[in-house]
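The values are calculated or read from the model by the stated rules, or taken from the named source; none is laboratory data. Remember, predicted model here, so these are calculated numbers, not experimental data. Cβ placement follows ideal geometry from the backbone for every residue including glycine, while neighbour counts extend to all protein chains displayed. Surface areas here come from the heavy atoms of the whole protein model, side chains and all, with no ligands, DNA or RNA. Shrake-Rupley method; radii C 1.70, N 1.55, O 1.52, S 1.80 Å.
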Amino acid sequence: MCRTCLQTHIEATVKDDYIACIICENPVKIPDPYRPRDEWSTQYPTDTFLDRMIKAGEQMEKTHNCFVCESSRGAVTVPTQYCFNCDTYYCDGCNELHLQLRGLQGHTIVPLKDLTTKDLMTRRVLYCTKHKDKLLDTYCRDPSAGKLPLVTPGPLSTRTPEKDVPARVIKETSVLEPSHVVCSVCAHELHKGMKTQSVTKAAKEITQRLQKVKSKIAAVIDTQEQRSSVLKEKCARVAGQKEAKISEIEAAFAKIQTALDARKECLLGMVDESCARNDKDLEHLSNRSNSYLSSLKDIRSLLTWLEECGTDVDLASSGDVIAAQFFNLYHMSTDPASHDLSVFRSNIHIQDSVVNTFVQLVNMIGSDPEGHVVAFKTKERTLKMPDDMYEPYIKDILLLEDGTLIATDNKNKSLKMAGVSDLGDPTLVRLHLKTEPWGVTKLQVNVIAVTGHQCVYIVTKTEELHLQSTVRTRKDYWSVTALSSINLALTCKFPPSIDVIDITGRKLRTIDTDGSGQALFKVPQYVASLYDKLLVSDREANTLTCVDQQGAAVFTFSGCSDQDLTDPKSVCASKNGRVFLVEGEEVWLLTAEGKLVNKLIKEIGGARAITEENGTLCVAVDGKGVAYYKVIDMNSV
């Protein structure tokens with residue numbers, strides 16, 4: 001940036017003592033915020049290499065006169081020669097005189113017609129602005145050197161009189177420029193006792209670091225270009241899905257009575273609001289990605305020019321800054337958070353269950369005279385997170401009253417929580433556990449119990465998940481359900497039984513046989529509470545058994561007239577007494593007395609865990625995440 005644009009940016013983004021980085025938007029503290037605000041831009045370093053390139057180009061385009069003729073006789077003579085040591089233009093006659101002076105013999109002269117911008121960059125001899133006859137040949141590595149009143153390379157033409165430069169500018173430049181390249185005299189006077197070395201040696205070391213940067217930057221640019229392309233595609237997809245959603249809602253409400261028009265306008269407003277928010281968020285993420293990409297390309301171009309035109313002084317002055325900026329950009333552009341698109345997966349963050357239910361009710365109302373309970377699929381959510389080592393393997397799920405879903409990811413040893421933010425965006429957080437979790441149940445409001453290997457984890461829920469305590473148990477339990485705020489019922493494979501324990505791990509009783517001494521279970525897998533009773537799915541006996549808390553059998557369900565149970569898995573019960581059972585690739589609905597109502601969901605391959613709350617049914621599907629359904633009793637429609 002030029003200093004004027006930097007000052008404009010400071011005034012536009014300043015907050016307290018910080019401004020926003022123009023690339024990544026992170027806050028950057030003002031070096032000295034106590035100085036007047038209109039002088040803040042002068043506190044930032046000048047890129048001497050870029051400054052020299054710009055001024056070299058300006059010098060090539062500018063018309064020059066012979067310095068000797070103009071300064072001694074006031075004559076205007078067209079120069080024909082240029083001296084790199086003097087940074088001065090001469091005509092043929094003055095150049096011969098110039099070469100005859102003993103102190104100036106050995107200077108490098110080039111015909112003006114052969115002079116190039118690259119020559120000005122690479123062959124010009126750079127002197128200290130304080131000690132005019134001393135070369136810039138020393139590099140200081142001491143971090144505190146930037147705080148000293150160092151002398152930096154002056155204007156490209158050392159013939160510019162200091163009287164033409166305002167004293168304030170000279171003072172600010174000498175104090176604030178962070179260049180660590182000085183002459184030997186300045187090194188002795190101002191850098192005594194600091195870590196110094198020759199500019200040539202420093203340039204060689206910095207060149208090695210810049211080679212590493214150049215070897216990596218191409219791959220980073222390619223990756224960033226791919227991410228930018230994906231973001232552009234996402235932006236286009238959001239726009240297309242907005243139109244599809246609007247068309248879907250319009251078609252549905254065209255078939256529903258006039259009384260629903262108010263609901264229709266409300267939903268359309270929610271779509272517009274959500275799409276506007278997504279468009280803004282995606283555009284912001286896309287702009288930031290393009291900013292990273294543009295900056296990376298700028299560094300690549302700068303490295304190319306530095307190789308061709310840079311001197312040891314340039315390498316020593318700018319090399320560290322270039323390398324540091326690259327690695328900062330590298331970490332920001334490779335940060336998973338900077339290209340995480342999972343939050344845009346749903347794209348339209350509205351009450352999908354309401355929209356889809358209304359759309360499907362258009363075709364369902366009046367078509368089911370028997371008044372069956374039906375389930376409409378409303379959405380799907382993936383539980384895969386960027387740092388998962390394995391594909392999520394969900395053993396059990398729990399849907400809370402606020403719509404938050406809790407899931408046990410067995411292979412990744414974590415408890416995951418899927419919810420929705422205040423802005424309607426999906427959220428997904430995790431709690432890492434020491435053992436593979438299995439079952440999950442709610443103990444109290446925002447207090448959850450999770451079974452692990454010979455333990456029960458007590459977890460509290462806020463915006464995150466927090467491990468409150470780990471209760472050790474003698475047995476290895478699978479599924480769990482809460483009997484009260486302090487008592488739990490858990491399934492055990494060896495021996496096949498249900499144990500009732502309190503939250504300290506103390507076993508209260510075991511349920512394993514009926515009144516006649518016969519075994520109740522073979523391999524009890526999932527357990528759920530039905531009022532004051534327990535529902536247990538037995539994967540070996542292929543039954544769903546209901547018992548009271550003392551072990552007395554209430555009913556055993558093994559199938560219906562046309563189909564026996566062959567693969568019973570998860571079971572749950574609603575507050576109104578409906579029982580949901582996963583059987584193979586279907587979800588069956590039973591009454592509280594163990595009678596089949598209907599096969600609620602069919603052909604849901606990989607179904608494993610199930611949970612229900614307030615008419616919303618969630619089914620965990622292996623390899624696909626969680627499917628959400630709205631359960632509606634057609635008798636009440």
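Each residue of region 593-603 is assigned a 3J(HN,Hα), and the resulting list reads 9, x, 9, 6, 8, 6, 8, 5, 10, 10, 6 Hz, derived from the Karplus form 6.51 cos²θ - 1.76 cosθ + 1.60 (θ = phi - 60°), x at Gly and Pro. Annotation: amide H-H contacts under 5 Å for LEU530 (H modelled 1.01 Å from N, sequence separation of 5 or more, or interchain): LEU535.
When only Cα pairs below 8 angstrom with a gap of at least 6 residues are kept, the chain shows a relative contact order of 8 percent.
Put TYR393, TYR139 in order of accessible area, highest first, and with a 1.4 Å probe you get TYR393, TYR139. In this structure the amide hydrogen of LEU433, modeled in the peptide plane, comes within under 5 Å of the amide hydrogens of SER414, LEU415, none closer than 5 places in sequence on its chain. Evaluated with a Cβ-only charge set (Lys, Arg +1; Asp, Glu -1), the chain carries a dipole of roughly 1700 debye about its Cα centre, given to the nearest 20. Separation of region 1-70 and region 529-555, taken as the distance between their Cα centroids, equals 76 angstrom.
When each of the peptides 67-80, 496-509 is scored by the mean number of other C-beta atoms lying within 10 Å of its residues, the order from highest to lowest reads 496-509, 67-80. Which of these values of Kirkwood radius over Cα pairs in Å was calculated from the structure shown: [x] 24.6; [y] 27.1; [z] 31.3? Correct label, based on the coordinates given: [z].
Relative contact order of region 482-602: what whole-number percent is it, with Cα pairs under 8 angstrom and at least 6 residues apart?
15
So which aspartates and glutamates pass the test for LYS192, namely a Cα distance under 14 Å, with those fewer than 8 places away in the same chain ruled out? Within reach: ASP142.
As a fraction of the 1.4 Å probe accessible area of the chain, surface on carbon and sulfur atoms comes out at 51 percent. Placing +1 on the Cβ of each Lys and Arg and -1 on the Cβ of each Asp and Glu in the chain, which of LEU565, VAL321, GLY594 has its Cα farthest towards the positive end of the resulting dipole? So the residue we want is VAL321. A simple charge model with +1 on the Cβ of Lys and Arg, -1 on the Cβ of Asp and Glu and nothing else charged puts the dipole of region 472-600 at about 560 debye relative to its Cα centre.
Amide H contacts for ASN598 (H built 1.01 Å from N in the peptide plane; partners 5 or more residues away or on another chain; cut-off under 5 Å): LEU589. Among the protein heavy atoms, those of PHE521 account for about 10 Å² of accessible surface (1.4 Å probe, every chain in place). For region 1-110, the relative contact order comes to 14 percent (Cα pairs under 8 Å, sequence separation of at least 6). Backbone phi angles across region 499-512, fed through the Karplus curve with coefficients 6.51, -1.76 and 1.60 (θ = phi - 60°), yield HN-Hα couplings of 9, 10, 10, 9, 6, 8, x, 6, 7, 8, 6, 10, 10, 9 Hz in residue order; Gly and Pro are listed as x. Placing unit charges on the Cβ atoms only, positive for Lys and Arg and negative for Asp and Glu, gives region 436-489 a dipole magnitude near 240 debye about its Cα centre. Karplus-based coupling profile of region 304-321, in residue order and whole Hz: 5, 5, 5, 5, 7, 10, x, 9, 4, 4, 4, 4, 5, 7, 10, x, 4, 5, with θ = phi - 60° in 6.51 cos²θ - 1.76 cosθ + 1.60 and x standing for Gly or Pro.
Solvent-accessible area per residue in the chain equals 51 Å², computed with a 1.4 angstrom probe and all protein chains kept.
Please give the calculated 222 nm ellipticity per residue for the chain, where each DSSP H segment of at least 4 residues contributes -39500 (n - 2.57) and the sum is spread over every residue; nearest 500 deg cm²/dmol?
Only helices count here, giving -11000 deg cm²/dmol.
For region 77-115 versus region 377-433, the inter-centroid distance based on Cα atoms is 76 Å. Annotation: region 414-517 has a Kirkwood hydrodynamic radius of 14.6 angstrom, from the mean reciprocal C-alpha pair distance.
Note on MET121: accessible area is roughly 0 Å² with a 1.4 Å probe, heavy atoms of protein only.
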